[in-house]
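Read the figures in this text as sums done on the coordinates, not as results from a lab. Predicted model only: the values in this text are computed from it and were never measured. Note that we place each Cβ from the backbone using ideal geometry, even for glycine, and neighbour counts take in every protein chain shown.
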Amino acid sequence: MMLWFTWFYQTVTGFLDWLFSELLPFLFAHMRNLVAMLWNLISLVAGGAISGVSGTLSNLYSMLELILSALWLALSSLSLNLLWDFVGLLFIIAKLFNILFLYLGLLQNYLVVALLKVTGLIAAYVNAPPIAPPGLPDCVATPLDSNVCAVYYIAENTLLAGTIGSLLIPTVIISVDIFILFYFVNIVRGFVLWFLRALQ
């Protein structure tokens, strides 16, 4: 994007430089020659009738040419300065977009790395072999070696098996979640009431 702005800046400044340094002086010179030629033609045709006015009109033409050239120089300088300011503003905007895209790319990289870390952690947890904590029985490898494992084994294969078991655990979890939600709402309500009493 910066290369495009550089090319645009160089093209426009080169065109304006050619316009103000070559084309317009060329056109002004031809216009001056044309006016001089017309004046000479009128002087020749009219003869001495306008010879007295000739000096006054020549001075007026020179003064008008001086004013127009000064005005044109001021306008061209102003337009060049405005163009350079505009191109500079475009450069600043391009730099800001480059910085924004750089930071967005860094943020994307950080999010990808964090996602990979979390995915790796979850995969390690899911794929880890079940190991009983020290001092507790290993209910996966030997489910009938202890009373705790036997109760869990029997519940898993009788009460929690089938359709009733698949509905029982979600029902218990939903009930506990609803209880926790109402308990939290009650705590927040109590805090809000306490805060309102403290403000009065």
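What FRET efficiency comes out for the pair residue 70/residue 37, r = Cβ-Cβ distance, R0 = 25 Å, nearest 0.05? The pair residue 70/residue 37 has a calculated efficiency of 0.55. The distance between label points at residue 183 and residue 197 comes to 2.3 nm (points 7 Å beyond Cα on the Cα→Cβ vector).
May I ask you to derive the FRET efficiency for residue 136 and residue 104 from their Cβ-Cβ distance with R0 = 41 Å, giving the value to the nearest 0.05? Rounded to the nearest 0.05, the efficiency is 0.25. With a simple spin-label model that places each label point 7 Å from the Cα along the Cα-to-Cβ direction, the separation between residue 161 and residue 128 comes to 3.0 nm. Note on residue 90 and residue 28: with the Förster distance fixed at 30 Å, the Cβ-Cβ geometry gives a FRET efficiency of about 0.40.
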